[in-house]
Amino acid sequence: MPLVSMRQLLDEAALGGYGVGAFNVNNMEQIQAIMEAARETASPVIIQASRGARSYTNDRFLWHLMQAAVELYPEIPVALHLDHGNEPATCISAIDLGFTSVMMDGSLEADGKTPASFEYNVAVTKEVVAYAHARGVTVEGEIGTLGGIEDGHGSGEVHLTDPDEGVEFVHQTGVDALAVAFGTSHGAYKFAQEPTGEVLKMDLIEEIHRRLPDTHLVMHGSSSVPPELVAQVNQYGGALKPAWGVPVKEIQLGIQNGVRKINVDTDSRLAVTGAIRKVFAESPEKFDPRDYLKPARTAMQELIAHRMRDFGQAGHAGDYEALSLEEMREGYAAAAAAV
Ligand code: G3H
Ligand code: 13P
Ligand code: ZN
């Protein structure tokens, strides 16, 4: 099937009471790992690319790799999503390229660092929603800011989502999905110790879901940072500091409370790096990239297949027929006319 709308994937997940992992990619092996994991577990899936990934792949390689993915895995519903679009132009170029979903992250200004005003966030997000929905494309917005700075993205400051602002934001913008800040952060170093309910504000998620039952909630910074992956990286020459991520059971609690999209990047990076380091350390005579990229791909596939089962999306690939973006566009137009 062709790339599908993320809104449809999340609507189906809400009906089925499960979450859908959104996994970041930068190259062919990562796309292959995710698609193989999706086939192995019969999962619908969201593949997402950041601005950095788009520039690394020069957009065109990414686009054609994704075409190969849908051609080779016709039974898997896949949405292609822009992660952390920093301004409307970035979202518009992704939509024009063929992304079926975009995130307009107006919680930060276009530099991707400075926390933005509520009014700015509403204005840029509304602009993107108008352009996207007229083409059947999904939009994710963000209210509140996550902690953590990854490769220059993020303010480093945490502003937990204010539920009143969240409700107002969704009403004013019409976004399909809302990223909420409730204590997670990007990268490997999220918490100084294993997080408790004091650190992850699950009651915030509960309240926002109660007040916005039709908006799909998104959990960024959802890597679990498995100790065995950190240990493997360090065992073979890495120098990662002790790190704690989001326990899977907390993500599952979030899913019970309306979280439908779960963003994971760091765990994939750890799996890939650990596997490559192991080959380099144990077989220093090897120099064919396939000798280390193949184990890296397998390690990432294993991790993602686990997450697909953890999030509940496993087994749901065949539940529904994909709607075309034209059908999605008609749906948005009909909903707007009914207001
Ligand atoms: O939230 C950020 C994602 O992990 C993507 O990271 O901008 O380094 O590609 P990146
Ligand atoms: P992690 O750094 O926890 O994998 O989060 C990734 C993310 O939120 C991408 O938008
Ligand atoms: Zn993120």
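The values are calculated or read from the model by the stated rules, or taken from the named source; none is laboratory data. It should be emphasised that the depicted structure is a prediction, and the values quoted were computed from it without experimental measurement. Heads up, the Cβs are rebuilt from the backbone with ideal geometry, glycines too, and the neighbour counts pull from every protein chain shown. Areas reflect the complete protein model, heavy atoms only, side chains present, ligands, DNA and RNA absent. Shrake-Rupley method; radii C 1.70, N 1.55, O 1.52, S 1.80 Å.
Assorted remarks:
- Whichever residue in the stretch 127-145 is of a type in the set (Ser, Thr, Tyr) and either open to solvent by 10 Å² or more (accessible area, probe 1.4 Å) or within 16 Å of ligand 1 (Cβ to nearest atom) (or both) and, among such residues, is modelled with the lowest pLDDT: Thr145
- Some residue of the stretch 108-116 being open to solvent by 10 Å² or more (accessible area, probe 1.4 Å) and hydroxyl-bearing (Ser, Thr, Tyr): yes
- Any hit, the stretch 254-263, residues being open to solvent by less than 50 Å² (accessible area, probe 1.4 Å) and either over 30 Å from Arg210 (Cα atoms) or charged (D, E, K, R) (or both): yes
- Members of the stretch 195-235 found to be of a type in the set (Ser, Thr, Tyr) and modelled with pLDDT under 95, listed by number: Thr196
- Unique residue being more than 20 Å from Ser50 (Cβ to Cβ), more than 23 Å from the chain's Cα centre (by Cα) and of a type outside the set (Phe, Trp, Tyr) when the list is Glu302, Glu282, Glu206: Glu282
- Only one entry of Glu285, Glu250, Glu321 meets the criterion of being open to solvent by 20 Å² or more (accessible area, probe 1.4 Å), of a type in the set (D, E, K, R) and in a helix (DSSP H, G or I), and that entry is Glu250.
- Condition check for Ala239: surrounded by fewer than 24 Cβ atoms within 10 Å (Cβ to Cβ) and modelled with pLDDT of 95 or more: yes
- Exclusive hit being farther than 24 Å from Met1 by Cα and open to solvent by less than 10 Å² (accessible area, probe 1.4 Å), set Asn121, Asn58: Asn121
- Put simply, of Ala123, Ala110, Ala130 the only residue that is outside any helix (DSSP H, G or I) and over 19 Å from the mean Cα position of the chain (by Cα) is Ala110.
So that you can scan it fast, the table gives a plain yes or no per residue for (1) within 14 Å of ligand 1 (Cβ to nearest atom); (2) open to solvent by less than 20 Å² (accessible area, probe 1.4 Å); (3) at pLDDT 95 or above; (4) of a type outside the set (Val, Ile, Thr):
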position	(1), (2), (3), (4)
Gly147	yes, yes, no, yes
Asp151	yes, no, no, yes
Glu157	no, no, no, yes
Lys190	yes, no, no, yes
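- Of note, Pro213 does not satisfy the criterion of being open to solvent by less than 30 Å² (accessible area, probe 1.4 Å), part of a loop (DSSP other than H, G, I, E, B), away from ligand 2 (no atom under 12 Å from the Cβ) and not polar (S, T, N, Q).
- Checking each residue in the stretch 212-234 for being farther than 26 Å from Ser50 by Cα and either of a type in the set (Ser, Thr, Tyr) or in contact (Cβ under 8 Å) with a residue 12 or more places away in the chain (or both) picks out Leu212, Pro213, Gln232.
- The stretch 63-103 - residue that is of a type in the set (A, V, I, L, M, F, W, C) and within 16 Å of ligand 2 (Cβ to nearest atom) and, of those, surrounded by the most Cβ atoms within 10 Å (Cβ to Cβ): Met103
- Here Ile276 clears all of (1) within 21 Å of the chain's Cα centre (by Cα); (2) more than 16 Å from ligand 1 (Cβ to nearest atom); (3) surrounded by 14 or more Cβ atoms within 10 Å (Cβ to Cβ) except the condition numbered (1).
- Whenever a residue of the stretch 47-75 is more than 20 Å from Met308 (Cα to Cα), it has no partner that is more than 16 Å from ligand 3 (Cβ to nearest atom) and of a type in the set (Phe, Trp, Tyr) lying with C-beta atoms less than 7 angstrom away and at least six residues away or across chains.
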